[in-house]
Amino acid sequence: MAVYTLPELPYDYAALEPVINPQIVELHHDKHHAAYVKGANDTLEQLAEARDKEQWGSINGLEKNLAFHLSGHILHSIYWHNMTGDGGGEPLEKDGVGELADAIAESFGSFAGFKAQLTKASATTQGSGWGVLAYEPLSGRLIVEQVYDHQGNVGQGSTPILVFDAWEHAFYLQYKNQKVDFIDAMWAVVNWQDVARRYAAAKERGDSLLLTP
């Protein structure tokens, strides 16, 4: 039985136009995201077989594959809900997301400073990767991370609340090799209500790292 399943999109393929065209949304979700779900499930089956046969020669590759596919599934699941055709702008108190706005200002000095950092982090990720706004539970602050492929350069225990997909499959059909143009355009579809809900949930969990007994 499959452990992971492909979530349905919260909107139709054309909902994010003109920032992301319907062809990209369809291919990205139905093909690329689906491949990560299948990869995670297949790797779990391969690990179960390795345990049953006590054959551990492929353990390093299997663990890496699980992290790669599972992280791809998780990040994409956040990505779809982080966007809306009615999004954009910046989080404001009058829109009911004042707590998030305050956290951004406290952690980065200003919304403009945060936007510049996440834009640069996303656009300059080497090769394939993501720019991520995450809640870091040890300090209670928001931080920006660069995620290489789906895994690296991440503070352990941080919770992603806003993710920008900087893999070529996310934009190439529309933006060609202009990754910076795509990242700049992404700000017009950010769903701040979703980001605020994720921030509140992450903050509610508190110091989930349990570094002290």
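The values are calculated or read from the model by the stated rules, or taken from the named source; none is laboratory data. Because the structure is predicted, anything quoted here is derived from the model rather than measured. Positions of Cβ are backbone-derived with ideal geometry, glycine not excepted, and every protein chain shown enters the neighbour counts. When the accessible area is computed, the model is the full protein with side chains, heavy atoms only, and any ligands, DNA or RNA have been set aside. Shrake-Rupley method; radii C 1.70, N 1.55, O 1.52, S 1.80 Å.
The equivalent ellipsoid of the stretch 137-189 has semi-axes of 26, 13, 7 Å, largest first, where each one is the square root of 5 times an eigenvalue of the Cα gyration tensor.
Sum -39500 (n - 2.57) across every DSSP H segment of at least 4 residues in the chain, then divide by the residue count to get the 222 nm mean residue ellipticity, nearest 500. Could the numbers behind the result be given before it?
On the way: 8 runs with 99 residues, N = 213.
Mean residue ellipticity, 222 nm, calculated: -14500 deg cm²/dmol.
Cross-link reach is defined here as a Cα-Cα straight distance under 25 Å, omitting same-chain residues fewer than 8 places apart; for Lys38 the lysines meeting it are Lys53, Lys64. If you run the Gaussian network model on the chain, springs between alpha carbon atoms under 10 Å, then out of Lys176, Lys203, Lys94 the most flexible one is Lys94. Along the stretch 83-96 the Karplus relation, 6.51 cos²θ - 1.76 cosθ + 1.60 evaluated at θ = phi - 60°, assigns HN-Hα couplings of 10, 7, x, 9, x, x, x, 9, x, 10, 4, 5, 9, x Hz to successive residues, with x for each Gly and Pro. Against the longest alpha carbon principal axis of the chain, how many degrees, from 0 to 90 and to the nearest 10, is the axis of helix 192-205 turned? Taking Cα atoms only, the helix is inclined about 60 degrees.
Please identify which residues in the stretch 48-78 have an amide N closer than 20 Å to a label point set 7 Å out from the Cα of Gln156, following the Cα→Cβ vector. Residues 60-72 fall inside that zone. Of the solvent-accessible surface of the stretch 66-148, computed with a 1.4 Å probe and all protein chains present, 50% belongs to carbon and sulfur.
Computed on protein heavy atoms with a 1.4 Å probe, the accessible areas place Trp80, Trp167 in the order Trp167, Trp80, largest first. Principal semi-axes of the equivalent ellipsoid, √(5λ) from the alpha carbon gyration tensor of the stretch 1-76, are 32, 11, 8 Å from largest down.
Work out, step by step, the length gained on full extension between Ala105 and Asp42: first 0.36 nm times the residue separation, then minus their alpha carbon distance; give nm to one decimal. So the chain would gain 18.4 nm between Ala105 and Asp42. Pairs of alpha carbons in the stretch 113-213 separated by more than 24 Å make up 25% of all such pairs.
Using only Cα atoms, locate the centre of the stretch 57-111 and the centre of the stretch 1-35, then give the distance between them in Å, rounded to an integer. If you average the Cα positions of each part, the centres end up 16 Å apart.
Between Lys31 and Lys115, the distance separating the two model label sites (each 7 Å from Cα on the Cα→Cβ line) works out to 3.3 nm.
Within the listed set Leu100, Leu75, Leu138, the Gaussian network model of the chain (springs between alpha-carbon atoms below 10 Å) gives the highest mean-square fluctuation for Leu138.
Taking the alpha carbon gyration tensor of the chain, multiplying each eigenvalue by 5 and rooting it gives semi-axes of 29, 23, 16 Å, largest first. Residues considered: Pro137, Pro91, Pro18. Largest GNM mean-square fluctuation over the chain, using C-alpha springs under 10 Å, is found at Pro18. Solvent exposure of the stretch 62-213, expressed per residue, is 48 Å² of accessible area, with all protein chains present and a 1.4 angstrom probe.
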